[in-house]
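This report refers to the structure that appears directly beneath it.
The values are calculated or read from the model by the stated rules, or taken from the named source; none is laboratory data. Remember, it's a predicted structure, so these values are computed and weren't measured experimentally. No Cβ is skipped: glycine too gets one built from the backbone with ideal geometry, and neighbour counts run over all protein chains shown.
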Amino acid sequence: MELAIPTTAKGPSQRTLVLRYLRRNKSLVLGLALLAFLLIFSLGGSLVVDTAKLAYPLAAVPLQPPSAEYPLGTDKDGRDLLAVMIRGIQLTGAIGIIAGTLGIVIGIVLGLLSGYFGGVFDSVVRWMTEVLLTIPPLILLIIIAGTIVDKNKVTVLTMALVVSILSWVGPTRVVRAQVLTMKERTFVNVAKLSGMGNIEIIFKELMPNMLPFLVASFVGQVMGAIGASFGLEVLGLGAVREPTIGMTIRWAQFHSAMFNQWWWWILWPVLALIAIFASLSLINVGLDEIANPRVRRTE
């Protein structure tokens, strides 16, 4: 009588697990798909449309409705709105990425150091964040942006730096709270006993464990920076010479586009802004499921 030799059942592959997870996490998939569309439209469009010329005044016949020659129409200053949308998504995204990166990097460094070491440094950081959190950010940004005398010299980099002035406050507070709950855990004590230094523990043990949370925070920071820059631009405090999404809406409002039935001038930037916020919001919700086990769904 032959004995059956038991075989070890192989589990699903990593690719299968990823596909299953993406099938469950529809918010992340939809957000990434919408973001991919925006990237293809803006980066791919710049390869076939001369945005350096057509996205600026006097490049086309003014106030033309959508047509074969101008698919999205033109504005009163003679800008081709197709080129404006392509260039505008790039510039608006650049403001968000620069300001979001500065905010999250500063927030991570301050939050990790203050939460881990404590002491006087922690007290100063905690006091600064608590004070700045009580100040309405938009009002402070308006005051700062309003101090720039020559508005024609405001660039996309200037806007990003202005918006990033307060973008580190939220991440610092949240990262510090995360570190306070993690630094007494077993893996940190084991790392100390193995001879690792404090800086090594912070950046090799604590930070990798917070990575999903930090990625989700970065997306939130980019979204907040874009929203803050849009608020400044609509008030006329943005880069007036650049065709960002906010400045395009600002000029459409200034020239009463809807009142004069130039509907295409206001429609496309509004749709672009909605698409940007929708993609980032969906990605943020999807990443939150990864970073927060309490809301993570199972098979």
>> Restricting to the stretch 47-62, count the residues that are in contact (Cβ under 8 Å) with a residue 40 or more places away in the chain and in a helix (DSSP H, G or I).
In response: 0
>> Considering only residues that are among the aliphatic types (A, V, I, L, M), over 17 Å from F117 (Cα atoms) and crowded, with 19+ Cβ neighbours inside 10 Å, which ones fall in the stretch 159-213?
In response: M159, A160, V162, V163, L166, V169, M210
> Which one is nearest to the chain's Cα centre (by Cα) among residues in the stretch 105-122 that are of a type in the set (A, V, I, L, M) and closer than 21 Å to V222 by Cβ?
Replying inline: V105
>> Checking L58 against (1) over 29 Å from W251 (Cα atoms); (2) of a type in the set (A, V, I, L, M); (3) out of contact with any helix residue (DSSP H, G or I) (no Cβ under 9 Å at 6 or more places or on another chain): exactly one of these is not met. Which one?
In response: (1)
>> Quick check on the stretch 196-204. Is at least one of its residues acidic (D, E) and modelled with pLDDT of 85 or more?
In response: yes
>> Residues to consider are L166, L206, L161; find the one that is closer than 25 Å to W127 by Cβ, touching a helix residue (DSSP H, G or I) at 6+ places or on another chain (Cβ under 8 Å) and not in a helix (DSSP H, G or I).
In response: L166
>> Just checking, does the stretch 204-221 include any residue being free of Cβ contacts under 8 Å to residues at least 40 places away in the same chain and under 18 Å from the mean Cα position of the chain (by Cα)?
In response: yes
>> Consider the stretch 39-58. How many of its residues are surrounded by fewer than 18 Cβ atoms within 10 Å (Cβ to Cβ) and either among the small types (G, A, S) or farther than 22 Å from V240 by Cα (or both)?
In response: 10
> When you go through (1) surrounded by fewer than 21 Cβ atoms within 10 Å (Cβ to Cβ); (2) in contact with a Pro (Cβ under 6 Å, 6 or more places away or on another chain) one by one for I249, which number turns out not to apply?
Replying inline: (1)
> Within the stretch 230-251, which residues are over 20 Å from L81 (Cβ atoms) and either out of contact with any helix residue (DSSP H, G or I) (no Cβ under 8 Å at 6 or more places or on another chain) or assigned to a helix (DSSP H, G or I) (or both)?
Replying inline: G231, L232
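Results for (1) outside any helix (DSSP H, G or I); (2) at pLDDT 90 or above; (3) more than 24 Å from the chain's Cα centre (by Cα); (4) more than 25 Å from I274 (Cα to Cα), shown as yes or no for each residue.
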residue: F41; (1), (2), (3), (4): no, yes, no, no
residue: G45; (1), (2), (3), (4): no, yes, no, no
residue: Q64; (1), (2), (3), (4): yes, yes, yes, no
residue: G78; (1), (2), (3), (4): yes, yes, yes, no
residue: M85; (1), (2), (3), (4): no, yes, no, no
residue: G88; (1), (2), (3), (4): no, yes, no, no
residue: L91; (1), (2), (3), (4): no, yes, no, no
residue: L102; (1), (2), (3), (4): no, yes, no, no
residue: V124; (1), (2), (3), (4): no, yes, yes, yes
